[in-house]
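All remarks here apply to the structure that follows.
The values are calculated or read from the model by the stated rules, or taken from the named source; none is laboratory data. Quantities reported herein were computed from a predicted structural model and do not represent experimental measurements. Quick reminder, even Gly has a Cβ in these numbers, built from the backbone with ideal geometry, and neighbours come from all protein chains shown.
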Amino acid sequence: MIIAAATAVAAAGTVAGAMAIGARRRRDAAVSSARRQGRIELEAIGGEAEVAREAALERAERLRDRLQRQLASETEQLAEDEARLQQMEAAAGRRNDSAEARDRALGERAAEMKTRRQHLNALRDEIDGLEQRIVERIEEVAGESRDAMSERIGDALTGEARVAAEKAARAYEERVQSRAEVEARRLMDLAMYRYGVAKPADRLIATVDLPRNKAARERFLADGRAILAGIAEFSEVEFVPQEGKDGFYMQAPDPYTREIGRLAYERLARRKDPSIDLVEQYVEKARVDLEKICRDAGKRATRILKLRNVHGEIQFLVGKLLYRTSYTQNQWQHAIETAHLCGMMASDMGLDIRTAHRAALMHDIGKVLWAETEAVGSHAVSGAAFATAHGEAPEIVHPIAAHHNDEKPSSPLAHLVAAADALSGARPGARRETVESYSQRVEDVQTICADFKPRGIRNTYVISGGREVRVVVDPRRVDDLAAARLANDIAYRIEDECIYPGQIKVMVIRETQASATARR
């Protein structure tokens, strides 16, 4: 490659020399042409007058001088070009010699590298042969192949790693379980302390009084209480007279319907001239007004919790909880309170607060569906199905369905919603229960446990305010598996036949005694 470059440079120098020689020949031809032209002009003016000849001679002299100067300049330039050409030829020669020397050196180095590569390949082949002989010798001494040894060692290391991982996982699980209850109590206590809003137990109005105005009173009682019968016809609310009082109990399929009848009755009672002809109008007006109140209550709940894009029908069900109570606790207030408690615990655990608020607010909407439509399944399942049908995401729906263990909780949020629901219902003053209902529940639980006495039950104790049942069984008749089945069967019977808030824990106690005698 270097030789080719030197050759190209030499060729360029030769071309440049040829061009300079051509230029000199053209200048010589121009000088000769000018001289001939001068002689022609002199001959032409020879026949003219002396003055004209002198002028022509003068012009010829000037032309000759100019031509001579041009010739001298061209000659000098030609000499310079020739000298430069010689220098270029000399430089090209030197470069050519240098290129040839480098080519020879490169050839020698290439030959040397080829020799060294051959030597290295020979050494590599020798090393491979030695390695193969070493492996064969090791396999001969060990009595097994290298692949078998690798597999055996890998299995051993894998087994050791698996055992170590299982030990670490078991230790971590034990550590987590030992701290889980303490941490859960801390989270719930912190949430309760942070949410210090006192909510009095509310009771929905279930009775109405006769109007004080004598004329209006007589109209309500006239014709066999025709006005009350009309309200019952259009609203499904029946008015049962109270013994010894000028008032009525209201009986309805659900609290929302009862509120429609109450509104219609009280508005009619405020008129001086109530009549049967106005009943349908007032009932329909009460129904429209109550629906608006519930929708506004649902929107207000979402504004309090700063939730967005909640379907209008879900908001309507949340608003309807305003007219439901559970052991005197207003369910609309309970839903908002549960959402706040759930959000606080979610914040401490690093979960999304808005998602926690959303799931907790909707956790009891199925109570409205369950009461009004006789939906199949518990209110948790009905509420989850309704939420799904109206566009709620699975991470919102699952806590709704699992907050009473109808589905097994499979996310942290599901456990938090269940815990917040229990906290809201169990806080002091949230719910009230009469002595009669408590005594009746204890009696019902004891009756259910008595039915299982033939299966080996010795004694039954209802403790913790009716929230726990301890069953002592005969250990000779009931083994561990039978004890677990007995606890589940009693719990199922209590769920089906008893009415109670929260949950009732059933604990079957099976005593095992062992004795031995030491003799000499």
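Taking the criterion of being part of a loop (DSSP other than H, G, I, E, B) and in contact (Cβ under 8 Å) with a residue 24 or more places away in the chain, the residues of the range 453-478 that qualify are GLY456, ARG467, PRO475, VAL478. Residues that are in contact (Cβ under 8 Å) with a residue 40 or more places away in the chain and either in a helix (DSSP H, G or I) or of a type in the set (Lys, Arg) (or both) were ranked within the range 384-402; the one that is surrounded by the fewest Cβ atoms within 10 Å (Cβ to Cβ) is GLU395.
Would you confirm whether or not the range 326-345 contains a residue that is among the aromatic types (Phe, Trp, Tyr), modelled with pLDDT under 90 and under 16 Å from TYR256 (Cα atoms)? So far as the range 326-345 goes, no, none of its residues is among the aromatic types (Phe, Trp, Tyr), modelled with pLDDT under 90 and under 16 Å from TYR256 (Cα atoms).
Just so you know, in the range 458-481 the residues that are β-branched (Val, Ile, Thr) and at pLDDT 90 or above include one that is surrounded by the fewest Cβ atoms within 10 Å (Cβ to Cβ), and it is VAL472. Within the range 321-365, being free of Cβ contacts under 8 Å to residues at least 60 places away in the same chain, assigned to a loop (DSSP other than H, G, I, E, B) and more than 24 Å from THR388 (Cβ to Cβ) holds for one residue alone: GLY350. Take the conditions (1) surrounded by fewer than 14 Cβ atoms within 10 Å (Cβ to Cβ); (2) modelled with pLDDT under 75; (3) in a helix (DSSP H, G or I); ARG203 misses just one of them, which is (3). The residues of the range 210-245 that are within 60 Å of the chain's Cα centre (by Cα) and acidic (Asp, Glu), listed by number, are GLU233, GLU236, GLU238. On the given criteria, is TYR265 in contact with a strand residue (DSSP E or B) (Cβ under 9 Å, 6 or more places away or on another chain), in a helix (DSSP H, G or I) and among the aromatic types (Phe, Trp, Tyr)? Against the criterion (in contact with a strand residue (DSSP E or B) (Cβ under 9 Å, 6 or more places away or on another chain), in a helix (DSSP H, G or I) and among the aromatic types (Phe, Trp, Tyr)), TYR265 qualifies. Inside the range 151-189, can you point out the residues that are of a type in the set (A, V, I, L, M) and either more than 25 Å from LEU416 (Cα to Cα) or modelled with pLDDT of 70 or more (or both)? Within the range 151-189, ILE153, ALA156, LEU157, ALA161, VAL163, ALA164, ALA165, ALA168, ALA169, ALA171 meet the criteria.
Restricting LEU322, LEU305 to those that are aliphatic (A, V, I, L, M) and either at pLDDT 90 or above or surrounded by fewer than 22 Cβ atoms within 10 Å (Cβ to Cβ) (or both) reduces the list to LEU305.
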